[in-house]
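> Just passing along the structure, written as structure tokens.
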Amino acid sequence: MTGLLSAWRDWRERGEILRDIRRRRGDQKERDRFLARDLLEEALAAVELNDRRKGTAIWADIVERYPTEIVMLPLTLELLLKLHRYDDAEAIMLTGQKKNPREVYFAKGLANIALTRGDFDLAVERYAAMRKRFPGVWQGYVLGAQALANKNRMDEADALAQQAMKQFPEEIGGFLEYARLAVQREDWEEAIRRWQIIEETFKTRSFGPYGRAQALIKLKRYDEADDLLKATRFRFPLESALLAELARCAQARGNVPEAVKRWKYRIERVPMETHGYYEAAKALEEMGEYAEAEAILRAGIDRFPLEDGPMILLAKFLHGQKDYSREAEAWAALRQVFVDNEESYTRGADALRRAGQPDRADAILEEHRRRFQH
């Protein structure tokens, strides 16, 4: 009897030990997933700040430390697409699909990779396979229509977008793609009709009137576009894109003073959107308002001192003006803040050479060689 009790205790203790080991392993896997996700977020943040070297270095660290965890994390695919590491993304999605063939994430990821890298034949094929295996997933229809449109198979794209609208009436993606196909054809009257459908179906979204106004501008119906945009602004006062379109409307009709006024007003009303400065500067440059364009870019630099975008655009703007001395100064200012931005060295050296300062150009290139070429 004593032997039986001892054996039973041993069996129970072994069971408890095995359960504890499994629990600890589970806890460690969960911790690893969190750590891998944190690193992926850090890499994505670096890429968003145009620091691709840092993003790539973090990715290499993630692959070495968490090769299993990254397969199931959506941030993995997002990062690899932004780094243009399509082969790596493909390999990870195929690995995941082999282990989890019923998981739509991998089918969707493989199709998105093909679409993003511009392999539209493969994208069409993969989205078709996705629709067959996962008919209840709207991306297979909407993004499949995009892939078809990129192959100029417009009638098929139209049909697929319409199918998405019918099958997923609460999902705006199919409606948007249907309207954008008319825009792609430059059939502006039809575009107005399709944007009107969106406006009537999704009353709480601004896409419909915004798209309709763009089509009206293309048709040179400027007064109608102005009235529509102004009325829409009352309904969507926080939509800064409407302010930009009002500026484009004035610009399209050739009213330069009003366009300048509206672009500046957009910045005043929404000062924390970096792309607003870029759009305004580009438009002002197109209108020949070079001093205003430079002022907007410098305002963007002052507003966002830790972002390289405004500095890069200023340097490129000065290059376009053939003001090479000041272009070189702009690249130098960028190097002081973003020491790992290679473009600031190579293009800065080119600007110095064009400005008649070859010795300083050679010094910058030597610094570039020491920093980036090991």
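> Using only the Cα atoms, work out Rg/Rh for the chain, with Rh taken as the Kirkwood radius, to two decimals.
Working: Rg = 27.4 Å, Rh = 25.0 Å.
So for the chain, dividing Rg by the Kirkwood Rh gives 1.09.
> Considering only C-alpha atoms, what is the centroid distance from the stretch 100-164 to the stretch 281-313, in Å?
38 Å
> Report the one residue of Gly211, Ala231, Thr274 whose Cα lies farthest in the direction of the positive end of the charge dipole of the stretch 199-274 (charges on C-beta: Lys and Arg +1, Asp and Glu -1; origin at the Cα centre).
Thr274
> Can I ask one more? Rule-of-thumb check for the stretch 120-191: C-alpha Rg over 2.2 N^0.38 Å?
Working: Rg = 11.5 Å, N = 72, 2.2 N^0.38 = 11.2 Å.
My calculation over the Cα atoms of the stretch 120-191 gives 1.02.
> Using a cut-off of 13 Å between alpha-carbon atoms, which aspartates and glutamates can reach Lys54, once sequence neighbours fewer than 8 places away in the same chain are excluded?
Within the straight-line cut-off, Lys54 pairs with Glu41, Glu42, Asp340, Glu342.
> Another one. Students often forget the sequence filter, so: which lysines lie under 22 Å Cα-Cα from Lys261 once same-chain residues fewer than 8 apart are removed?
Within the straight-line cut-off, Lys261 pairs with Lys218, Lys220, Lys230, Lys282.
> Which of Gly348, Gly309, Thr76 sits closest to the plus end of the dipole of the chain, meaning its Cα is farthest towards the positive end, when Lys and Arg get +1 and Asp and Glu get -1 on the C-beta?
Thr76
Quick note: the coordinates plus some simple rules give every number you see, no bench work behind them. Here the structure is a predicted model, which means the values were calculated and not measured. Don't worry about glycine lacking a Cβ; one is built from the backbone with ideal geometry, like all the others, and counts go over all protein chains shown.
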